[in-house]
Amino acid sequence: MTTTTETATETFKATAEQVKGKMEQALKTFEEAGSLSKDTYEAFVSSFNITVKGVESVTTETAAYAKKAVEDLVAVSKAVVGAKSLREVVDLQNDFTKSAFDAFLAYTNKVGEMTVTLTQSAVEPVSRQLGVAFKKFATPVA
């Protein structure tokens, strides 16, 4: 009977050690998940802040373009009113149309480049953090 009791005691101790090890491992995993969640939240906040600054830059650029376009329109309108001939009006209109189109193309190219840079910058913190998370959870638990 003693050997049966000793065997049962040893089996119970071994099982308790295994359970303790698995519980410690589970707690460590939960702690890592909590840390990972915090880091992911911070990555999204960083991404949001980058986006806000980028949108501010695009808005500033758009306002500057619109202001310049209105100023140019007012200037050509005054010049047309003061023109001495139909030929001068046509020339003013042609010059204005060309410069307005060139300014528009320059504006759209600049804003396009700003948008691409903004998108890349805003996605980077989240992408990096998701890479860490996927790597972490792709590793099998021993």
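The values are calculated or read from the model by the stated rules, or taken from the named source; none is laboratory data. In this text, all values refer to a predicted model and were calculated from it rather than measured experimentally. Here the Cβ is made from the backbone with ideal geometry for all residues, glycine too, and neighbour counts use every protein chain on show. The accessibility values were calculated without ligands, DNA or RNA, using every heavy atom of the protein model including side chains. Shrake-Rupley method; radii C 1.70, N 1.55, O 1.52, S 1.80 Å.
Quick rundown of the values:
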quantity: Structure-based [θ]222 nm, the chain - -39500 (n - 2.57) summed over DSSP H runs of at least 4, per residue, nearest 500; calculated: -35500 deg cm²/dmol
quantity: Candidates 109, 49, 94: whichever shows maximal mean-square fluctuation once the chain is modelled as a Gaussian network with Cα springs under 10 Å; calculated: 94
quantity: Residue-level accessible surface for residue 73, protein heavy atoms, 1.4 Å, Å²; calculated: 90
quantity: Apportionment of accessible area to carbon and sulfur, the chain, percent (1.4 Å); calculated: 66
quantity: Per residue, in Å², the accessible surface of the chain once ligands and nucleic acids are set aside, probe 1.4 Å; calculated: 77
quantity: Relative contact order of the chain, pairs being alpha-carbon contacts under 8 Å that are 6 or more residues apart, as %; calculated: 41
quantity: When each of 38/136; 53/110; 68/98; 67/110; 53/136; 13/135 is checked by Cα-Cα distance, pairs over 24 Å; calculated: 53/136; 13/135
quantity: Candidate values (i) 75; (ii) 64; (iii) 57, label of the one derived for percent of Cα pairs over 18 Å apart; calculated: (i)
quantity: Modelled FRET efficiency - R0 22 Å, residue 128 with residue 52, Cβ distances, 0.05 increments; calculated: 0.70
quantity: Rounded accessible area of residue 39 (nearest 10 Å², 1.4 Å probe); calculated: 60
